[in-house]
Structure formats: C-alpha cells, structure tokens
Ligand SMILES: [Fe+2]
C-alpha cells in the first residue's frame, strides 16, 4: 500500500509537475529572464503580483487553522506555515524596492485577471477543499515556487545587479519550501484514500496551469 502511494507522488512529479515546470520555463517570461532581456517592469510585476498573492496565502493559512482546529496535525502544519508566511509579503516588498518600486506602488497594486484566478483557486482549495486537495494544492505551488525562485536568484544577480539583500525572498524559497513540500508529500502519501488519486492529479494539473497562466498574464499586462 505504501509503495503504491509513493508512486502517486512520483507520478505527480514525473507526469504533471516536472513537465509543467518545463513549460513554465519555456514561457516568454522565463526565456527572457534567462537571457537578461526581460524588462525591469515585468520583473517589478512579479513583486507586485506575488505580494498580493502572498497575503492571500497567509490568510488562507489562517482559514485552515480555523477549519482544522480539531485536527492537531493539520492545525499545527498550518500554524507553523502561517508563522513563517506572514512575514513573506514584506520580503517580496524588499525585492520590489531593490527593483525600484516604492511603498505607494504596493498600496495601489491590483492583481491581473490571471493572478486573481490563481489566488481564488488557492483560497477555494484551502476553504472548501478536502484536506488532500488543500495539501496537493500547497505541494504543487511550493514545488513550482522553489524551482522558479532558483531561476530568479541566479538571473537577477547575473543581469540585473541584485545582491543578497534584494534576493532574500528567493534565497529563502529555493531552500525553505523544500521542507514544506516534503511534509505535504508525506501527508498526501499517508492520507490519500482509494479513489482520491484522480482528485490529486486534477488539483496538481490546475495549479500547474494557473502558474503558467499567471506568468503569461504578467508578461502581457506589463511591458
Ligand atoms: Fe513564502
């Protein structure tokens, strides 16, 4: 039984998440980032959009603390994540400031349609989703974020003159979220009931597509 469930995580990684990350890396956004040709405005776009998204994630964790107050494992998992995540919108801002944004830009930031869709699905998965949907959603988002944080960290230093101060968010997320993803994978392996495998695949697929959609949306909305 355990081996079958381990295979589910391997299957998710091999068939859905890894190919999704490859597709994300082929988008105009990341192709231009890797060659140093992405406009600074499109890089600022990520700071503004992820700031809004990160606030949503932190509030989604509060929802889950409330929703799973009776379940020590889930309550503690979300309480720990909230303790970390509540500070991350400020780390995103620090990156934005290094790219020339001002406090005022964050105050008036509005999400693109695509980012709004991503935030909405994340909140839906946390608020209305089953525990397994909530965890797969987080697992997929964090795996993708971990990978693209590495990409940002390398290329922002190489082409855009950023240092440790500006790249702190990416330095933390290319490492820190690996623990989150491991915990979520363990939870999925232990709790995925027979018949729930397709739900797990669908949620991972939606999250992959939403991430790709979000970066395309940012590319198009900002010049
Ligand atoms: Fe974070």
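Any residue at all in the range 188-199 that's part of a helix (DSSP H, G or I), under 18 Å from residue 146 (Cα atoms) and more than 14 Å from the chain's Cα centre (by Cα)? No, the range 188-199 has no match at all.
Here is a yes/no grid of residues against (1) more than 16 Å from the chain's Cα centre (by Cα); (2) more than 19 Å from residue 207 (Cβ to Cβ):
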| site | (1), (2) |
| --- | --- |
| 65 | yes, yes |
| 72 | yes, yes |
| 76 | yes, yes |
| 92 | no, yes |
| 102 | yes, yes |
| 114 | no, no |
| 118 | no, no |
| 122 | no, no |
| 130 | yes, no |
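Counting residues in the range 105-118 that are in contact with a helix residue (DSSP H, G or I) (Cβ under 7 Å, 6 or more places away or on another chain), within 13 Å of the ligand (Cβ to nearest atom), modelled with pLDDT of 95 or more and assigned to a helix (DSSP H, G or I) gives zero.
The sole residue among 77, 83, 69 that is outside any helix (DSSP H, G or I) and either surrounded by fewer than 18 Cβ atoms within 10 Å (Cβ to Cβ) or at pLDDT below 95 (or both) is 69. Return yes or no: is residue 152 out of contact with any strand residue (DSSP E or B) (no Cβ under 6 Å at 6 or more places or on another chain) and modelled with pLDDT of 95 or more? Spelling it out, residue 152 is indeed out of contact with any strand residue (DSSP E or B) (no Cβ under 6 Å at 6 or more places or on another chain) and modelled with pLDDT of 95 or more. Checking each residue in the range 168-179 for being in contact (Cβ under 8 Å) with a residue 24 or more places away in the chain and either away from the ligand (no atom under 12 Å from the Cβ) or farther than 19 Å from residue 90 by Cβ (or both) picks out only 178.
Here residue 190 does not qualify as within 16 Å of the ligand (Cβ to nearest atom), surrounded by fewer than 20 Cβ atoms within 10 Å (Cβ to Cβ) and closer than 14 Å to residue 9 by Cα. In this structure, residue 57 qualifies as within 24 Å of residue 135 (Cα to Cα), crowded, with 17+ Cβ neighbours inside 10 Å, within 16 Å of the ligand (Cβ to nearest atom) and in contact (Cβ under 8 Å) with a residue 40 or more places away in the chain. The requirement of being at pLDDT below 95 and touching a helix residue (DSSP H, G or I) at 6+ places or on another chain (Cβ under 8 Å) is satisfied by residue 133.
The values are calculated or read from the model by the stated rules, or taken from the named source; none is laboratory data. All values derive from a computational prediction rather than experimental measurement. All Cβ positions, even for glycine, are placed from backbone atoms using ideal geometry, and neighbour counts span all protein chains on display.
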